[in-house]
Amino acid sequence: MLKVVVIDDEQGARKAITGIIQKYCKEVQVVGEADGVQSGIEAIAQHQPDLVLLDIQMKDGTGFDLLNRVGKVNFKLVFITAYEAYAIKAFKYSALDYILKPAGIDDLVTTLQHVKASIQVEELQRKIDVLINNYEHEVDRKIVLKTTDAMHVVKVKDIIRCEAEGNYTSFYFVEGKRLMVSGILKDYEELLDSEQFFRPHQSHLINVNHLQRFEKRDGGFVIMNGGHEVPVSFRKKEHLLKVIQKI
């Protein structure tokens, strides 16, 4: 049985989440609730939950304040947040689970199933650090990338390009670093900022801030920092030239 504490300053939100869990999640038990930072800390200490569902904005502080005061996080964590495009981007970059308000049945059940199936990983604190950084510093965003043997925290601005490798994607960085991560290129195209990244070819995604020039030879290539050559498909050429004009 997965023991859960729900921390949200809206009573209606807590009631809705608890009701969904009681009705649809038979192996999950809500053992406590709280409406703020201080009461949340007390609920965690009292109930020692396996999982905390944590609101971000509360009347006496934020979910980040609570985590800082709790110290070592020895429970699984899912954030509860209102929809803000920038906030959601921050969560996706950090690879942390989140639920949008108002909590829907399918989203909540699916998220809890994912959390139950996953082990408590030591990298959780690093993911939280990435989330807080991205929430507070939009210019210097970071992203969590998982390879087969490690979790990497990298600056988005250091990504030169991405290349499709079947069901994997290779990331190329400044100073010659390369990481191959699970996931298709389309997933990362949707994740990364469309104002900063452009897909000139079905197999390639580039950071336009690292673009040096466009060459017409062999149907069209872009030359990136570090000497990377990336092909440009015929149908993307006109769009790319417009992108270059804006740089």
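The values are calculated or read from the model by the stated rules, or taken from the named source; none is laboratory data. Since the structure is predicted, the reported quantities are computational estimates derived from the model, not experimental observations. Cβ sites come from the backbone with ideal geometry, for glycine too, and all protein chains shown count toward neighbours. Ligands, DNA and RNA are excluded from the accessible area calculation, which covers all protein heavy atoms including side chains. Shrake-Rupley method; radii C 1.70, N 1.55, O 1.52, S 1.80 Å.
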With the dipole of segment 174-237 worked out from charges on the C-beta (+1 for Lys and Arg, -1 for Asp and Glu) around the Cα centre, which of 197, 223, 176 lies farthest toward the positive end?
223
Loop sites only, by DSSP: take the trypsin sites (Lys or Arg not before Pro) in the chain that have at most 10 other C-beta atoms within 10 Å and name the longest stretch containing none of them.
73-215
For the chain, take the longest principal axis of its alpha carbons; what is the angle in degrees between that and the long axis of helix 37-47, to the nearest 10 within 0 to 90?
70 degrees
If the cut-off is 19 Å between C-alpha atoms, which aspartates and glutamates fall inside it for residue 23, apart from same-chain ones fewer than 8 positions away?
33, 106, 107
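Helix-only estimate, please: 222 nm mean residue ellipticity of the chain, summing -39500 (n - 2.57) across DSSP H runs of length 4 or more and dividing by its residues, to the nearest 500.
Computed mean residue ellipticity for the chain: -11000 deg cm²/dmol.
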Using only Cα atoms, figure out Rg for segment 41-161 and give it as a multiple of 2.2 N^0.38 Å.
1.07
Hey, quick one: spin label on residue 45, modelled 7 Å out along Cα-Cβ, who in segment 70-114 has an amide N within reach, i.e. under 14 Å?
70-72
For the chain, the longest principal axis of the Cα atoms and the Cα long axis of helix 11-24 enclose an angle in degrees, to the nearest 10, of 90 degrees
Once all Cα-Cα distances of segment 122-214 are split into 10 Å bins that start at 0, what whole-number percent is in each one?
15, 49, 32, 4, 0
Expected vector for segment 230-246, Karplus 3J(HN,Hα) from phi with 6.51, -1.76, 1.60 and θ = phi - 60°, integer Hz, x for Gly and Pro, equals 10, x, 10, 6, 4, 6, 9, 4, 5, 5, 4, 4, 5, 5, 4, 5, 8
Using alpha-carbon pairs under 8 Å, 6+ residues apart, how would you state the relative contact order of the chain in percent?
11 percent
Where the accessible area of the chain is counted over protein heavy atoms with a 1.4 Å probe, how much of it, in %, is carbon and sulfur?
47 percent
Among the lysines, which fall within straight-line cross-link reach of residue 59, defined as a Cα-Cα distance under 22 Å, with same-chain neighbours fewer than 8 residues apart omitted?
15, 101
I'm checking a number: the convex hull volume of the Cα atoms of segment 108-158, normalised per residue, in Å³. What is it?
101 Å³
Where the centroid of each part is defined by its Cα atoms, how far is segment 177-203 from segment 1-76 in Å?
34 Å
Leaving out same-chain residues fewer than 8 places away, which lysines sit with a Cα under 22 Å from that of residue 146?
76, 89, 92, 116, 127, 155, 157, 177, 186
What number results when the radius of gyration of segment 1-100, computed over Cα atoms, is divided by 2.2 N^0.38 Å?
1.01
